[in-house]
Number of protein chains: 2
Amino acid sequence: MVVLASRSPQRRAILEQLGVRFTTAIPDVEEVTSGEPGDLVADNALRKARAVEGDCVLGVDTAVVLDGVAYGKPGDRTEAGEWLRRLSGRRHEVWSGIALRSGARERVATAMTRVHFRPLEPSEIRWYVATNEWRERAGGYAIQGRGSALVERVEGDFWNVVGLPVRELVRLAPELVIGRSELD
Amino acid sequence: MVVLASRSPQRRAILEQLGVRFTTAIPDVEEVTSGEPGDLVADNALRKARAVEGDCVLGVDTAVVLDGVAYGKPGDRTEAGEWLRRLSGRRHEVWSGIALRSGARERVATAMTRVHFRPLEPSEIRWYVATNEWRERAGGYAIQGRGSALVERVEGDFWNVVGLPVRELVRLAPELVIGRSELD
């Protein structure tokens with residue numbers, strides 16, 4: 001049984017689809033906001049994994065990166081619209097750090113997925129902002145929701161964009177996923 | 001309101017996440033099983049769209065293609081395991097055809113996404129076959145379920161692999177998706 005140190009419903013859903021047995025706890029940490037994307041998300045993931053009690057704790061951090069700048073969550077509708085205009089017709093990167101703390105042992109990995117947005121009309125941006133789906137989403141969109149209509153293609157681990165890099169989780173801790181034989 | 005000519009719960013889920021208003025009907029068609037992948041899935045999508053009553057009908061067909069051979073659904077556990085051994089450590093293609101019939105007007109498009117499987121251990125293949133998740137799945141895996149643990153990366157429209165190419169749906173019929181302002 002692993003403890004997911006996150007409040008994200010998307011991360012919970014990914015662990016559920018994999019059949020991982022887990023509980024959740026919300027980490028109270030000060031997050032790093034600057035630095036190289038890979039270092040930043042790895043550092044934040046480790047801080048989260050260390051901030052929660054448990055024999056086996058999983059911390060995850062995700063950042064949307066465009067032109068070397070990391071985007072967190074938009075503060076309001078205006079900012080959400082402005083970010084979509086920047087992402088429109090371009091390719092950006094989604095980075096995740098994943099940290100698994102088992103007793104004194106800590107394993108950390110990162111993943112990067114490229115996401116290509118299609119060119120968006122102003123009316124499409126107004127539509128998406130009005131859905132309110134951008135709230136609480138890194139980069140201001142949800143690729144597993146209405147936001148899928150904004151995307152041209154992805155390259156890499158799709159689940160990393162949703163919020164948890166499945167390929168890296170399986171690499172770090174196959175025992176959490178492989179071997180559970182019955183679908184729940 | 002569109003009629004989805006499909007029994008697939010995955011296709012229903014994708015239309016729901018997009019906020020498309022739809023009903024479903026199960027098409028009774030004889031499917032084409034040979035030919036170029038793009039022609040095959042386009043032809044089958046159109047047959048499905050024509051086989052169901054409605055003012056606006058959406059037909060979709062998906063095929064997994066490895067070395068030019070289209071794979072449907074595995075017939076039993078042995079076949080499911082054999083197919084996973086073939087897919088292991090390699091890149092395959094997932095093709096979808098999408099056909100939208102509105103009165104006398106028919107619009108058809110195709111999409112292709114590349115999926116790279118990581119190299120799988122025999123024990124991992126046994127595990128996945130035992131989950132039974134391969135049943136009723138083209139190619140014998142579900143990328144949005146336990147099968148996500150088998151995948152190294154994707155290139156293209158992820159939702160095409162789940163069963164409905166969102167990018168092509170939005171291109172063919174933006175009015176079905178864009179403009180609905182409130183999340184249900």
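The table that follows gives values for the structure above.
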quantity	calculated
Interface residues, the range A:133-147 - accessible area loss of 40 Å² or more versus chain alone, probe 1.4 Å	A:ARG146
Cα Rg, Dmax (largest Cα-Cα span) when computed across the range B:67-166, Å	14.7, 52
Cα long-axis angle, helix A:37-50 against chain A (0 to 90 degrees, to the nearest 10)	40
Size of the B/A contact, given as accessible area buried on both chains, probe 1.4 Å, in Å²	3100
Accessible surface, the range B:83-147, averaged per residue in Å² (probe 1.4 Å)	40
At R0 = 41 Å, FRET efficiency that the Cβ-Cβ distance of B:ARG171 and A:ARG50 yields, to 0.05	0.35
Segment A:ILE26-A:ARG114, length gained on full extension (0.36 nm per residue, minus Cα span)	28.9 nm
222 nm mean residue ellipticity, helices alone, for the protein assembly as shown (DSSP H n ≥ 4; -39,500 (n - 2.57); rounded to 500)	-9000 deg cm²/dmol
Within the accessible area of the protein assembly as shown (1.4 Å probe), percent carbon and sulfur	44
Label geometry 7 Å along the beta-carbon vector: B:ARG126 inter-copy distances in nm	6.1
Inter-copy label distances at A:ARG50 (7 Å, Cα→Cβ; nm, one decimal)	6.6
Label-point separation, A:VAL69 to A:GLU16 (7 Å along Cα→Cβ), nm	3.6
Acute angle (nearest 10 degrees) that the helix B:9-18 long axis makes with the longest principal axis of chain B, alpha-carbon atoms	60
Highest-first arrangement of A:16-23, B:129-136, B:21-28, where packing means the average Cβ count within 10 Å	B:129-136, A:16-23, B:21-28
Cβ-placed point charges (K, R +1; D, E -1), dipole of the range A:2-183 about Cα centre in debye, nearest 20	340
Label spacing, shortest first and in nm, from A:VAL69 to its equivalents in the remaining copies (7 angstrom along Cα→Cβ)	5.2
Semi-axis lengths (Å, descending) of the ellipsoid that matches the C-alpha gyration tensor of the range B:2-183	29, 17, 14
In Å, descending, principal axis extents of the Cα set of the protein assembly as shown	63, 53, 31
Peptide A:152-163, shielding by other chains (average Cβ, 10 Å cutoff)	5
Under 20 Å from the Cα of B:LYS48 - lysines, other chains or at least 8 residues apart	B:LYS73
Crossing angle, helix A:122-131 versus chain A [Cα axis fit, 0-90 degrees, rounded to tens]	40
Mean separation of Cα contacts under 8 Å, 6 or more apart, over the residue count of chain B: relative contact order %	22
B:THR33/B:SER88 FRET efficiency (R0 22 Å; Cβ-Cβ; nearest 0.05)	0.35
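The values are calculated or read from the model by the stated rules, or taken from the named source; none is laboratory data. These numbers come from a predicted model, not from an experiment. Positions of Cβ are generated from backbone atoms using ideal geometry, with glycine treated the same way; all protein chains shown enter the neighbour counts. Areas reflect the complete protein model, heavy atoms only, side chains present, ligands, DNA and RNA absent. Shrake-Rupley method; radii C 1.70, N 1.55, O 1.52, S 1.80 Å.
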